[in-house]
Amino acid sequence: MSVGAFACWLLLFAITYEYLPALRYAWGFRLLRYHPDWAAWGLTGIALLFTTDEARRGAIAGARRLASLAGAVPARARDPLLFALVLAGLWAIHERALLGNSYLLFRVIHQPTDRLFPETGGAWVLRTSYEAVQALGLRPVLSIQLVHCAAGAATVLFVVRAARLALPEGRPAGLVAALVFAGGLGVALAGRFETHVLAIAASAAGLWLALRFARGQTGLAPAALASGLAAWLEPLCLLALPGLLLLPRLCGRRLPASAALAVLPVGLYAVYLLVANPTDLPFAQVLGQGLLASHQLVRGWGGGASVGTDVVFLSLPQLKYLVNALFVLAPAALPLLVGLLARGGRRAFAAPEVSFVALTAAGLAIGSLLRRPVWGPFDWDLFAVTALWLAFLAAVLLARVEAPAIRSQVVAGLVGLQLCFVAVPLAALGREARVDAGPLHPERFDARLFRRGEKPPKELRRWL
């Protein structure tokens, strides 16, 4: 176990500190380099400690102590207490500075204009919330960040509840949450001025409610409605709906009529868009951009060369972005999934709950391949919903392994490495980077990235 952990640390060390020239511009693996040397080397040293058996055993003992303290809390108070603690933690690390496309989004919303029309549901909610808070005389950015932190705390609570339903009796649900949120996903919930946080929360609620249906504790209507809200807020979540529709069959039941609630939020929003449509916009454009974000799809094969973030389907720039973004969001998800599937094969999907999560994650992964990362590295959280489902699937598969000692050791090592190489330096970026080490530095953002047919600035080109 220690040899494997050290090999992971050594690879991350080599990429971060440019000992592998071929991976010098892997922007997602260089988060430590944006900070002073003493901080970067300090976190690198702490990560090295997690490759030792003694440090992992100490972390496991501490986690068990926390679990025993939580067990002493009355059952009714546990979830509210978890929500309050996570909310406080997220608020403590929330972004103090609006960086990159977050600042651009703030500028567009702050200036009264109709150029956001047609907009996706998430953008509509963000703009409407901003206007409402501003009318109340409150500080709009801080108020919205606080709401987003609350949505993030609810997301963690939903994932913990979903893990309790997806695991056999007696397996630790906290293990799943620790693995899922130890990377950039946890930071993505920490009050970013973006449109993704509410969609992540709605998708996590849909996950929990769908697993309640699988356990026979409720009907499909709540899960369908939550999934529909997620699809309205984030068009990518539309590709999560097939997994929900197949869930009754996986559980040996018939598809109830209440599944139609999944399209209700999107349908109502479509009506709203058409009613509010300026006369100079065709209906096809309104529905395509408002519901499917068709202006953000990757290019198909053929045609001219790809420029900037106008990536071609399955091209090297697109794959580079996806690998880096997934590493930032959920570093352990893909390697863990590959390893566990190689170990368990089809047996891993024997439970209908696991099959449902896998089908939904597959649909979201397909959507991630089709959607264009308009802002390139600055859009590192664009596919956070996909990363959430992939990380949850990997964590659940690990928690179902019949070897408690191995489970605990793997989780302790992976959580430690993720925190040191990704979560902590990424959270610190929210207070502005001190070192210019790549595209995520505040001065590297350029609004020309999204324009088709235009070359990106020279200093950004190598990172794309």
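Just so it is clear, none of the values below were taken in a lab; they were calculated from the coordinates. This one's a predicted model, so the numbers in the text were calculated from it and none came from an experiment. Here the Cβ positions follow ideal geometry from the backbone for every residue, glycine too, while neighbour counts run over all protein chains shown.
Note on Leu20 and Gln217: the model spin-label points, each 7 Å out from Cα along the C-beta direction, lie 4.1 nm apart.
Note on Trp301, Trp41, Trp9, Trp389: ascending count of other Cβ atoms within 10 Å places them as Trp301, Trp41, Trp9, Trp389, the fewest first. Once Rg and Dmax of the Cα atoms in Å is calculated for the structure shown, the corresponding label among (1) 24.9, 84; (2) 22.8, 70; (3) 21.8, 68 turns out to be (3).
Determine, for each peptide in 43-52, 401-410, the mean count of other beta carbons within 10 angstrom over its residues, then list the peptides with the highest first.
Working: 43-52: 17.9, 401-410: 14.4.
Per-residue Cβ counts within 10 Å, averaged per peptide and sorted highest first, yield 43-52, 401-410.
Length available on full extension from Leu104 to Leu81: 0.36 nm per residue minus the Cα-Cα distance, which gives 4.7 nm.
From helices alone, the chain scores -19000 deg cm²/dmol at 222 nm; the rule is -39500 (n - 2.57) for each run of n ≥ 4 DSSP H residues, then divide by the residue total.
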